[in-house]
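Colleague: Below is one structure. I have some questions about it.
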Amino acid sequence: MKFLKKEDNPRRKIFFLAVLALMVIVGSFLIGRYPLSLKEIFGILTSKILSVEPFWTEQAQTVFMNVRAPRVLTGCLVGCALSAAGAAYQGVFQNPMASPDILGASAGAAFGAALALLFGADGSVVIGAAFFFSLLCTGAAWLISQRTQGRQILGLILSGIVVGSLFTASTSLIKLVADPTDQLPAITYWLMGSLAGSGQVTLLFSAGIMAVGLIPLFLLRWKINVLTLGDEEAWALGVNAKKMRLIIVFCASLITAAAVAISGIIGWVGLVVPHMARRLVGNNYRYLMPASMLMGAAFLPVVDDVARNMLSSEIPIGILTAFIGAPFFLYLITAKGGSA
């Protein structure tokens with residue numbers, strides 16, 4: 001990205017990120033253990049609208065429609081959601097270390113999924129349980145913070161840490177009593193994060209819920225700029241800081257819960273990607289929010305491509321995001337002019 005100089009218009013950089021995300025999506029469609037050509041993909045998609053004589057195999061259509069496309073698009077949505085949530089939390093809490101799991105969303109989802117797996121559930125039941133307990137955890141943190149003394153933002157962060165710790169301990173208890181030959185491996189694998197279970201149903205589930213959270217975050221992104229100034233300055237500019245913070249935290253928590261419910265625990269994306277976007281377009285959320293969304297939508301599918309193709313067996317994506325995210329974050333905070 002060296003050719004994108006600092007004096008370039010942020011809109012140009014966002015356009016570049018949009019093109020990059022589109023290229024990543026198309027490239028990810030082609031990559032896999034069952035290779036597909038661009039011509040085959042175009043033909044399969046066109047056949048859904050027009051009458052086209054098939055020149056592709058039935059297996060190719062099944063792989064693309066039922067496996068490859070849902071997985072790639074789900075990865076884009078999850079990356080977009082986690083990055084947007086991380087950027088929103090960092091602005092609302094005025095804390096560069098804030099990430100999507102700061103209010104315990106990941107801990108709640110882990111408990112819900114582990115509980116469902118303990119009782120022999122699978123598929124949509126696990127996703128539903130993870131989503132419900134993720135929202136329950138963040139909701140409990142918010143309610144507790146309303147009764148804390150002192151700064152409300154600090155109280156909310158501390159409440160999230162406490163509630164998240166309780167859910168994490170509960171997950172550990174479930175792992176302790178789980179069957180070590182069947183249930184424990186399933187719980188452990190889910191906690192490491194993966195897009196392997198993505199399908200058309202999970203894609204529609206995540207797209208619908210994430211749209212409810214992502215659209216308001218995008219439309220209200222300029223008000224996050226105001227919240228970063230503090231409550232008094234926000235009030236002076238005509239923004240109800242408490243109400244706006246509640247809306248943004250709710251939207252960020254909603255998309256985080258949906259993302260974690262369908263993919264498991266995928267760390268570092270919501271922490272690192274917003275800082276990468278901040279280095280590219282600056283701190284203005286008018287540009288930072290769309291840049292974070294697009295960069296996350298491009299980043300996670302690339303990592304997933306590596307996860308499913310590097311070795312003979314699939315690598316949990318949460319492991320790779322940690323290996324990539326941690327060193328890159330160290331670079332961001334130590335490089336000259338780092339924003340973290």
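The values are calculated or read from the model by the stated rules, or taken from the named source; none is laboratory data. Computed from a predicted structure; not experimentally measured. Cβ coordinates were reconstructed from backbone atoms using ideal geometry, including for glycine residues, and neighbour counts include every protein chain displayed. Side chains are part of the model used for accessible areas, which takes the heavy atoms of the whole protein and leaves out ligands, DNA and RNA. Shrake-Rupley method; radii C 1.70, N 1.55, O 1.52, S 1.80 Å.
Colleague: Just give me the residues in region 283-340 being over 17 Å from the mean Cα position of the chain (by Cα), under 19 Å from Cys80 (Cα atoms) and of a type in the set (Val, Ile, Thr), in sequence order.
Modeller: Val306
Colleague: Gly79 - would you say it is at pLDDT below 95 and surrounded by 14 or more Cβ atoms within 10 Å (Cβ to Cβ)?
Modeller: no
Colleague: Filter region 199-217 down to residues that are among the small types (Gly, Ala, Ser) and modelled with pLDDT under 90 and give me whichever is most open to solvent (accessible area, probe 1.4 Å).
Modeller: Out of the qualifying residues, it is Gly199.
Colleague: Quick check, is Ile265 in contact (Cβ under 8 Å) with a residue 24 or more places away in the chain, open to solvent by 10 Å² or more (accessible area, probe 1.4 Å) and under 22 Å from Gly193 (Cα atoms)?
Modeller: For Ile265, the condition - in contact (Cβ under 8 Å) with a residue 24 or more places away in the chain, open to solvent by 10 Å² or more (accessible area, probe 1.4 Å) and under 22 Å from Gly193 (Cα atoms) - is met.
Colleague: A further question on this structure: Spot the failing condition for Leu36; the list is (1) part of a helix (DSSP H, G or I); (2) more than 29 Å from Tyr285 (Cβ to Cβ); (3) of a type in the set (A, V, I, L, M), and only one is missed.
Modeller: Failing condition for Leu36: (1).
Colleague: With Phe119, Phe133 as the choices, which residue is crowded, with 20+ Cβ neighbours inside 10 Å and either of a type in the set (Phe, Trp, Tyr) or out of contact with any Lys or Arg (no Cβ under 8 Å at 6 or more places or on another chain) (or both)?
Modeller: Phe133
Colleague: Looking at region 50-60, can you tell me whether even one residue there is in a loop (DSSP other than H, G, I, E, B), charged (D, E, K, R), farther than 17 Å from Pro301 by Cβ and without any contact (Cβ under 8 Å) to a residue 60 or more places away in the chain?
Modeller: Yes, region 50-60 contains at least one residue that is in a loop (DSSP other than H, G, I, E, B), charged (D, E, K, R), farther than 17 Å from Pro301 by Cβ and without any contact (Cβ under 8 Å) to a residue 60 or more places away in the chain.
Colleague: Between residues in region 300-327 that are under 12 Å from Leu195 (Cβ atoms) and residues that are of a type in the set (D, E, K, R) and open to solvent by less than 20 Å² (accessible area, probe 1.4 Å), which pairs lie under 6 Å by C-beta distance while being six or more apart or on different chains?
Modeller: Ile317/Asp304
Colleague: From the list Ala60, Ala21, exactly one residue is crowded, with 17+ Cβ neighbours inside 10 Å and either at pLDDT 95 or above or under 30 Å from Leu135 (Cβ atoms) (or both). Which is it?
Modeller: The conditions single out Ala21.
Colleague: Would you please name the residue that is surrounded by the fewest Cβ atoms within 10 Å (Cβ to Cβ), looking only at residues in region 288-320 that are among the small types (Gly, Ala, Ser) and in contact with a helix residue (DSSP H, G or I) (Cβ under 6 Å, 6 or more places away or on another chain)?
Modeller: Ala307
Colleague: Also, I was wondering about something else. Whether any residue in region 148-159 is touching a Gly at 6+ places or on another chain (Cβ under 6 Å), open to solvent by less than 70 Å² (accessible area, probe 1.4 Å) and assigned to a helix (DSSP H, G or I) is what I want to check.
Modeller: No - not one qualifying residue is present in region 148-159.
Colleague: List pairs: first in region 218-242 and farther than 17 Å from Met289 by Cβ and modelled with pLDDT of 80 or more, second of a type in the set (A, V, I, L, M) and in a helix (DSSP H, G or I), Cβ under 6 Å, 6+ apart or cross-chain?
Modeller: Correct list of pairs: Ala241/Ala234.
Colleague: Another question, then. Scan region 131-145 for residues that are in contact (Cβ under 8 Å) with a residue 40 or more places away in the chain and touching a Gly at 6+ places or on another chain (Cβ under 8 Å) and report the count.
Modeller: Residues meeting the conditions: 4.
Colleague: Got a sec? Which of Phe132, Phe205, Phe218, Phe167 is aromatic (Phe, Trp, Tyr) and over 19 Å from the mean Cα position of the chain (by Cα)?
Modeller: Phe167 is the lone residue from the list that is aromatic (Phe, Trp, Tyr) and over 19 Å from the mean Cα position of the chain (by Cα).
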